[in-house]
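Reading through the structure tokens given below for one structure.
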Amino acid sequence: MLNKYAGDAVAAEARTSGASVANANALAQGDANIAFIQNDIAYYAYNGLYMFDKNKVDMRGVISLYPETVQIVVLADSPIKSIYDLAGKKVAVGATGSGVAVNAEQILKAAGIWDKVEKVYAPFTDAANLLKLRQIDAAFVTAGHPTSAIVELSTTTPVRLIPIPDEVYNKLLGEGYRFYTRVVVPKGTYNGLDSDVQTVAVMAMIAARPDVPDDVVYAILKTIFDNLAEFRGAHARVANLSLEKALDGMSIPLHPGAVKFYQEKGLKIPTELLTTK
């Protein structure tokens, strides 16, 4: 779409990559100019936290796209009904150094059981197989729902999701993790999921290097919103994207080109998103 509608300002080329942490590092190293990234990882990178404690990444926000849902997956016949039932159980908490692993740590600490679970560090593709073989009791995955790996698992092995209760969500917010939002995964999303499940999500967003020209970032947003129906049609996850939701969960300061675009559209931009280091 960028090459089609904004070719005079942007020459775009897509690159496959290894998810949010790798994408943040690609921005830092100049291997990418813009990148898709989870808003929590963007926050850690910009502020030099967790996996970025030694290599802070200077980046700017462009747009929030859709929720990346934190899903705690168990087999449908599991005795685990609540997050507190994970105490004493073997839980896959994501790959070492991944955003999923940080989500799992924050959520389980907020629930008071981080030190009470037996942690298995594995990407979800591996964890799905361990679940199927009943070698673990539960697995964390952070991804837009329905997540293909969970759909695939549930076709042969029905699954459920464990809800994240209000007291855990409120504690996350109270500890400063403002990038979490509330989301409900509807029943029927996966085989075995017979009721709606309330959980939390981070947001998928686009970030840019600070040195990307303002007119390029402006052209990216203009392309999206001048052709919103086509953009929404590209993938089911952005079906609900709107200008009003474009800053939902934005966790880092905006790029000046984005500020110009949103202000022209009449959006009120929070002060913290205008502050740059």
- Pick from segment 244-259 the residues that are part of a helix (DSSP H, G or I) and out of contact with any helix residue (DSSP H, G or I) (no Cβ under 6 Å at 6 or more places or on another chain): which of them is modelled with the highest pLDDT? Val259
- Query: Looking at segment 136-152, which of the residues that are of a type outside the set (S, T, N, Q), open to solvent by less than 50 Å² (accessible area, probe 1.4 Å) and touching a residue at least 60 places away in the same chain (Cβ under 8 Å) is farthest from Ala239 (Cα to Cα)?
  - Reply: Ala138
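Per-residue answers, yes or no, for (1) in a strand (DSSP E or B); (2) within 24 Å of Val259 (Cα to Cα); (3) within 16 Å of the chain's Cα centre (by Cα):
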residue: Gly7; (1), (2), (3): no, yes, no
residue: Ala12; (1), (2), (3): no, yes, no
residue: Asn23; (1), (2), (3): no, yes, yes
residue: Ile41; (1), (2), (3): no, yes, yes
residue: Ala45; (1), (2), (3): no, yes, yes
residue: Asp58; (1), (2), (3): no, yes, no
residue: Val74; (1), (2), (3): yes, no, no
- Message: When the residues of segment 93-125 are narrowed to those that are in contact (Cβ under 8 Å) with a residue 12 or more places away in the chain and of a type in the set (Asp, Glu), which ends up most open to solvent (accessible area, probe 1.4 Å)?
- Response: Glu118
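Quick grid of which residues meet (1) modelled with pLDDT under 90; (2) in a loop (DSSP other than H, G, I, E, B); (3) among the aromatic types (Phe, Trp, Tyr):
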| position | (1), (2), (3) |
| --- | --- |
| Asp126 | no, no, no |
| Leu130 | no, no, no |
| Thr142 | no, no, no |
| Ile164 | no, yes, no |
| Phe179 | no, yes, yes |
| Arg182 | no, no, no |
- Item | Hits in segment 61-88 - residues which are closer than 16 Å to Ile37 by Cβ and among the acidic types (Asp, Glu) | Glu68
- Provide a single number: the residues in segment 196-238 that are in contact with a helix residue (DSSP H, G or I) (Cβ under 8 Å, 6 or more places away or on another chain), closer than 24 Å to Ile41 by Cβ and among the hydrophobic types (A, V, I, L, M, F, W, C). 16
- Query: Failed condition for Pro79, given (1) closer than 19 Å to Leu161 by Cβ; (2) of a type outside the set (S, T, N, Q); (3) open to solvent by less than 50 Å² (accessible area, probe 1.4 Å); (4) in a loop (DSSP other than H, G, I, E, B), with all others met?
  - Reply: (3)
- Note on the structure: Residues of segment 170-195 being farther than 30 Å from Leu49 by Cα and loosely packed, with under 14 Cβ neighbours inside 10 Å, in sequence order, are Pro186, Lys187, Gly188, Asp194, Ser195
- Task: Please enumerate the residues belonging to segment 153-169 that are surrounded by fewer than 18 Cβ atoms within 10 Å (Cβ to Cβ) and either out of contact with any helix residue (DSSP H, G or I) (no Cβ under 9 Å at 6 or more places or on another chain) or β-branched (Val, Ile, Thr) (or both).
- Result: Thr155, Thr156, Thr157, Pro158, Asp166
- Message: Condition first: assigned to a helix (DSSP H, G or I) and either open to solvent by 50 Å² or more (accessible area, probe 1.4 Å) or more than 26 Å from Thr181 (Cβ to Cβ) (or both). Now tell me which residues in segment 197-222 satisfy that.
- Response: Asp214, Asp215, Val216, Tyr218, Ala219, Lys222
- Message: Need pairs with beta-carbon distance below 9 Å; first residue farther than 19 Å from Tyr169 by Cβ and crowded, with 24+ Cβ neighbours inside 10 Å and within segment 62-75, second at pLDDT 95 or above and charged (D, E, K, R); sequence gap 6+ or separate chains.
- Response: none
- Query: For the subset of segment 260-277 comprising residues that are outside any helix (DSSP H, G or I) and touching a residue at least 12 places away in the same chain (Cβ under 8 Å), which member is most open to solvent (accessible area, probe 1.4 Å)?
  - Reply: Lys277
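The values are calculated or read from the model by the stated rules, or taken from the named source; none is laboratory data. Just so you know, these numbers come straight off a predicted model, no measurement behind them. A quick note on method: Cβ atoms are made from the backbone with ideal geometry, for glycine too, and the neighbour counts reach across all protein chains shown. For the accessible areas, the whole protein counts, side chains as well, though only heavy atoms, and no ligand, DNA or RNA atoms are used. Shrake-Rupley method; radii C 1.70, N 1.55, O 1.52, S 1.80 Å.
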